[in-house]
1. May I ask you to list pairs of residues, at least six apart or on different chains, whose Cβ atoms are under 7 Å apart, with the first in the stretch 61-89 being under 27 Å from Arg31 (Cβ atoms) and without any contact (Cβ under 8 Å) to a residue 60 or more places away in the chain and the second being assigned to a helix (DSSP H, G or I) and of a type in the set (D, E, K, R)?
2. Could you count how many residues in the stretch 176-233 are under 24 Å from the mean Cα position of the chain (by Cα) and at pLDDT 50 or above?
3. From Arg70, Arg89, Arg82, which residue is within 30 Å of Arg202 (Cα to Cα) and either in a loop (DSSP other than H, G, I, E, B) or out of contact with any Leu (no Cβ under 7 Å at 6 or more places or on another chain) (or both)?
4. State all residues of the stretch 190-199 that are surrounded by fewer than 16 Cβ atoms within 10 Å (Cβ to Cβ) and in contact (Cβ under 8 Å) with a residue 40 or more places away in the chain; if no residue qualifies, say none.
5. Any chance you could count how many residues in the stretch 30-44 are surrounded by 15 or more Cβ atoms within 10 Å (Cβ to Cβ) and assigned to a loop (DSSP other than H, G, I, E, B)?
6. Can you tell which of Arg70, Arg82 is among the basic types (Lys, Arg), surrounded by 10 or more Cβ atoms within 10 Å (Cβ to Cβ), in contact with an Asp or Glu (Cβ under 9 Å, 6 or more places away or on another chain) and over 30 Å from Glu197 (Cβ atoms)?
7. Can you name the residue in the stretch 102-114 that is surrounded by 10 or more Cβ atoms within 10 Å (Cβ to Cβ) and out of contact with any Leu (no Cβ under 7 Å at 6 or more places or on another chain) and, of all such residues, is nearest to Glu197 (Cα to Cα)?
8. Pick out the one residue from Ala165, Ala176, Ala141, Ala187 that is part of a helix (DSSP H, G or I), buried (at least 17 other Cβ atoms within 10 Å of the Cβ) and among the small types (Gly, Ala, Ser).
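The values are calculated or read from the model by the stated rules, or taken from the named source; none is laboratory data. Because the structure is a prediction, the values reported are computed rather than measured. Glycine gets a Cβ as well: all are built from the backbone with ideal geometry, and neighbour counts include every protein chain shown.
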Amino acid sequence: MKTKLICLAVIAAVLAAGASMAQDKPKKLYRWVDKDGKVQFSDTLPAEALEHARTEISSESGRTTGEVGRALTPEEQAEADRLAAEHARRQRDAEQQRQTEEAMLSSFQTEEELRRSYGMRITLMQENLNAIEAGIGSQRASLTSLLAEASEAELAGRAVNARQAATIRELHQEMAKQQNMLVVKQAELMKLDQELEYLVKRFHELRSGTAPAPQEPAPEAAPEPAAAETADAAG
């Protein structure tokens with residue numbers, strides 16, 4: 001009997017403590033706009049209100065304690081999931097790039113070594129650019145000569161040779177391709193210069209033990225121009 005009384009006393013104490021905690025817990029008020037456009041306030045949230053955006057307010061201070069957006073449609077949820085997955089992928093890519101950069105930069109002892117390494121790549125790319133520009137110049141000279149011959153023939157009342165006309169078209173098309181390639185390579189060279197300066201900064205950050213740079217990709221090259229645009233430029 002005594003044991004039973006003790007158990008009942010313990011249960012009563014637990015229930016009393018729970019009731020006290022429930023009373024101590026701050027109550028919330030909810031504010032939302034219902035389907036009819038009317039503003040509603042309540043200390044309980046009915047099931048139909050779960051679909052609507054709402055504001056949570058402290059019943060003691062009257063201050064807003066939280067905001068809950070409306071329920072997303074299946075399409076909106078799918079888009080939110082896609083954006084979250086894309087964000088996670090970008091984070092992984094940024095972390096992988098950071099690790100790759102640090103591994104590569106650790107192989108250089110000085111900034112001069114880093115610049116020398118990139119300098120060789122820049123020199124090779126510049127030589128490639130020079131070769132493309134020389135090729136365009138040669139094609140332009142040939143095209144100018146052929147166009148002059150065709151113009152003379154027309155002025156003399158003679159038809160332009162079909163083979164000559166085909167050669168003119170081919171030269172014009174090839175020049176457009178080379179002009180396009182030139183723009184792409186110029187963008188790559190600019191990117192390489194920017195990448196070098198970015199890596200020099202990262203090199204000194206790693207050497208000094210300062211916090212790593214923001215997790216952003218290294219500068220990207222300019223988008224490749226459309227063939228039509230470069231054809232216009234060549235013309």
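1. That search, which allows pairs on different chains as well, returns Arg70/Glu51; Ala71/Glu51.
2. Initial filter on the stretch 176-233 (under 24 Å from the mean Cα position of the chain (by Cα)): 183-203, 205, 211-226.
Narrowing further to those that are at pLDDT 50 or above: 183-203, 205, 211-212.
Count: 24.
3. On the way: Arg70 fails: within 30 Å of Arg202 (Cα to Cα); Arg82 fails: within 30 Å of Arg202 (Cα to Cα).
One residue alone meets the criteria, Arg89.
4. Asp193, the sole residue that qualifies.
5. Qualifying residue count for the region: 0.
6. Details: Arg82 fails: in contact with an Asp or Glu (Cβ under 9 Å, 6 or more places away or on another chain).
Arg70 is the lone residue from the list that is among the basic types (Lys, Arg), surrounded by 10 or more Cβ atoms within 10 Å (Cβ to Cβ), in contact with an Asp or Glu (Cβ under 9 Å, 6 or more places away or on another chain) and over 30 Å from Glu197 (Cβ atoms).
7. Just the residues of the stretch 102-114 that are surrounded by 10 or more Cβ atoms within 10 Å (Cβ to Cβ), to begin with: 102, 104-106, 108, 110-114.
Adding the requirement that they be out of contact with any Leu (no Cβ under 7 Å at 6 or more places or on another chain) leaves 104, 106, 110-113.
Numbers: Met104: 15, Ser106: 16, Thr110: 14, Glu111: 10, Glu112: 12, Glu113: 13 Å.
This residue is Glu111.
8. Working: Ala165 fails: buried (at least 17 other Cβ atoms within 10 Å of the Cβ); Ala141 fails: buried (at least 17 other Cβ atoms within 10 Å of the Cβ); Ala187 fails: buried (at least 17 other Cβ atoms within 10 Å of the Cβ).
So the residue among Ala165, Ala176, Ala141, Ala187 that is part of a helix (DSSP H, G or I), buried (at least 17 other Cβ atoms within 10 Å of the Cβ) and among the small types (Gly, Ala, Ser) is Ala176.
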